[in-house]
1. For n ≥ 4 DSSP H runs only, could you compute -39500 (n - 2.57) per run for the chain, divide by its residues and tell me the 222 nm figure to the nearest 500?
2. Need one number: % antiparallel among DSSP beta bridges in the chain, to the nearest 5.
3. So if I take the centroid of the Cα atoms in the range 121-172 and the same for the range 66-97, what is the distance between those two points in Å?
4. Quick check on my link table: of LYS53/LYS165; LYS126/LYS152; LYS53/LYS126, which ones sit more than 27 Å apart, alpha carbon to alpha carbon?
5. What is the extension gain from VAL124 to ALA24, computed as 0.36 nm multiplied by their sequence separation minus the C-alpha to C-alpha distance, in nm to one decimal?
6. What distance in nm separates the simple spin-label points at LEU80 and ALA147, each placed 7 Å from Cα in the Cβ direction?
7. How high is the relative contact order of the range 6-163? Use alpha-carbon pairs under 8 Å, at least six apart in sequence, and give a whole percent.
8. How would the chain be classified by its alpha-carbon gyration tensor: rounded, prolate or oblate, with rounded meaning a/c under 1.5 and the a/b versus b/c comparison settling the rest?
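We did not get these values from a lab; they are worked out from the coordinates using the rules stated. Just so it is clear, the model here is predicted, and its values are computed rather than measured. Glycine gets a Cβ as well: all are built from the backbone with ideal geometry, and neighbour counts include every protein chain shown.
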Amino acid sequence: MEIVTQEAKADFDLSKLLARLVVADVDFVIIGGIAALAHGAARLTWDVDICYKRTMDNYERIVAALKPIHPYLRGAPAGLPFIFDSDTLHKGLNFTLTTDEGPLDLLGEVCGGGFFEDLAPFSVEKQVCEYPVRVLGLSKLLEVKRAAGRPKDFEAIAELELLIKMEQDGIS
């Protein structure tokens with residue numbers, strides 16, 4: 001079970017997190033709750049989930065963007081050694097992080113969706129905060145949520161189904 005603390009909620013600054021990624025030219029697709037919000041969902045979320053491109057150049061851009069805000073493994077004991085660098089990203093895959101600007105999930109692979117290269121064709125450009133970013137399209141987002149099969153996603157699935165129906169009916 002993923003727990004986001006009150007402190008993490010208070011520190012969450014989506015605009016600053018996105019600015020760092022966009023300015024650093026990181027290749028990523030926003031998935032999860034922020035993607036749903038970008039499509040008109042009403043459910044609040046207190047973290048940002050991204051699927052990132054797994055290349056050395058992109059690892060270096062991610063590290064340059066995030067290292068100044070002290071990424072650390074969410075839920076890990078304080079003091080556990082963790083070096084956030086390109087080598088760590090290359091050797092790992094999915095990272096649930098805390099940062100000075102809030103929780104961030106860096107996902108190299110997404111259950112039911114695959115890797116960045118698999119998801120990018122199903123992404124659309126949206127304005128999130130003041131930044132043009134790629135977010136996972138509604139249908140693929142629904143598919144990924146269903147594949148995850150987590151109880152916390154059941155309400156989100158119902159809302160995504162409604163948003164897809166509204167889109168098909170021309171209702172915005």
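1. -11500 deg cm²/dmol
2. Bridges in the chain are about 80 percent antiparallel.
3. Their Cα centres are 28 Å away from one another.
4. LYS53/LYS165
5. Full extension from VAL124 to ALA24 adds 34.0 nm.
6. It works out to 2.6 nm between the two label points.
7. This gives 28 percent for the range 6-163.
8. Prolate, because a/c is 1.5 or more and a/b exceeds b/c.
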